[in-house]
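Asker: First the structure, then my questions, so here it is.
The values are calculated or read from the model by the stated rules, or taken from the named source; none is laboratory data. None of these values were measured; they are calculated from a predicted model. Every residue, glycine as well, gets a Cβ built from its backbone with ideal geometry; the counts of neighbours run over all protein chains shown. Just the protein is used for accessible areas: all its heavy atoms, side chains included, with ligands, DNA and RNA removed. Shrake-Rupley method; radii C 1.70, N 1.55, O 1.52, S 1.80 Å.
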Amino acid sequence: MGRKSNRAKEKKARRLEERAAMDAVCAKVDAANKLDDPLAAFPAFKKYDRNGLNLQIECKRVTTLNPLSVEWAFELTRANMQTLYEQSEWGWKEREKRDEMNDERAWYLLARDGESAPVAFSHFRFDVECGEEVLYCYEVQLESRVRRKGLGKFLIQILQLIANSTQMKKVMLTVFKHNHGAYQFFRDALQFEIDETSPSMSGCCGDDCSYEILSRRTKHGEASVGHSHGGGHCGGCCH
């Protein structure tokens, strides 16, 4: 009976430890979501003045954005991505994409020109994936006139900066395999790796999936490799 009792105590202690770890993860996500402006401490990154561009960068919750800016972001996403979605097993689901981009958890990095017109954006969220606090990048979209000028890389570097400053473990994103330019951009130019949760790594559908999940660890994530308290949970919590 003593041995069984000890095993039960150890199991209970493990559960309590995992729960405390998940509470700490969710507390970091909640703290990040309570910020007024995650970019406020980095004024040098609020402008992009190179390669013929002179842009202002802002970071806002979707709930504080002008609805016209969100609608512009949706229309740009549709123009850039609809065909790629239709070539995947997901298909293009307009209502779902619109709901996703208007979800109250959404944050936006917006780049505006001298007339305050938006020219590029990133939609991201602070969330939990498999027991780790992460910054998940849902979209990075640029108008054609500002592409190939380093702006996309700059926006992703801002996301990495924000992820580090809010103590997220990594920046994550999903990319279509058949979107060859984007895939190469993230893997080669930005040194993202195929995440362990990606279908090709987890074995859930492998080559049959048209996408990969990529990630790049922050300094906080590098320090905690091998010490995740996932508990088998993948997906967001803390809502």
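Asker: When residues of region 98-128 are filtered for being touching a Cys at 6+ places or on another chain (Cβ under 8 Å) and either small (Gly, Ala, Ser) or at pLDDT below 95 (or both), how many remain?
Answerer: Looking only at that region, the number is 1.
Asker: Answer yes if at least one residue in region 5-15 is open to solvent by less than 100 Å² (accessible area, probe 1.4 Å) and either in contact (Cβ under 8 Å) with a residue 40 or more places away in the chain or touching a strand residue (DSSP E or B) at 6+ places or on another chain (Cβ under 7 Å) (or both), and no otherwise.
Answerer: Within region 5-15 (the criterion being open to solvent by less than 100 Å² (accessible area, probe 1.4 Å) and either in contact (Cβ under 8 Å) with a residue 40 or more places away in the chain or touching a strand residue (DSSP E or B) at 6+ places or on another chain (Cβ under 7 Å) (or both)), the answer is no, since none of the residues qualifies.
Asker: Same structure, new question: Between a residue in region 58-74 that is closer than 12 Å to ALA106 by Cα and any residue that is open to solvent by 50 Å² or more (accessible area, probe 1.4 Å) and of a type outside the set (Lys, Arg), which pairs come within a Cβ distance under 6 Å, given they are 6 or more apart or on different chains?
Answerer: THR63/GLU104
Asker: Sticking with this structure for a sec: Residue check: is LYS219 touching a Gly at 6+ places or on another chain (Cβ under 8 Å) and not aromatic (Phe, Trp, Tyr)?
Answerer: No; evaluated as a whole, the condition is false for this residue.
Asker: Name the single residue, out of those in region 165-175 being under 17 Å from SER122 (Cα atoms) and out of contact with any Asp or Glu (no Cβ under 8 Å at 6 or more places or on another chain), that is surrounded by the fewest Cβ atoms within 10 Å (Cβ to Cβ). Let's see the steps before the verdict.
Answerer: Taking region 165-175 as the starting set, the residues that turn out to be under 17 Å from SER122 (Cα atoms) are 170-175.
Narrowing the set further to residues that are out of contact with any Asp or Glu (no Cβ under 8 Å at 6 or more places or on another chain) leaves 171, 173.
Working: VAL171: 26, LEU173: 24.
For region 165-175, the residue satisfying everything is LEU173.
Asker: Would you please list the contacts, defined by Cβ atoms under 7 Å and residues six or more apart or on different chains, that run from a residue in region 144-163 that is within 14 Å of CYS59 (Cβ to Cβ) to a residue that is part of a helix (DSSP H, G or I)?
Answerer: As it stands, the answer is ILE158/PHE45; LEU161/PHE45, since those pairs meet every condition given.
Asker: Could I ask something else about it? Answer yes or no as to whether ALA32 is of a type in the set (Gly, Ala, Ser), in contact (Cβ under 8 Å) with a residue 24 or more places away in the chain and not in a strand (DSSP E or B).
Answerer: So ALA32 passes the test.
Asker: Another question, then. Can you give me the ranges of the strands (runs of 3 or more DSSP E) entirely in region 42-144 with at least 3 residues that are of a type in the set (D, E, K, R), touching a helix residue (DSSP H, G or I) at 6+ places or on another chain (Cβ under 9 Å) and open to solvent by 10 Å² or more (accessible area, probe 1.4 Å)?
Answerer: Qualifying strands (runs of 3 or more DSSP E): 53-61.
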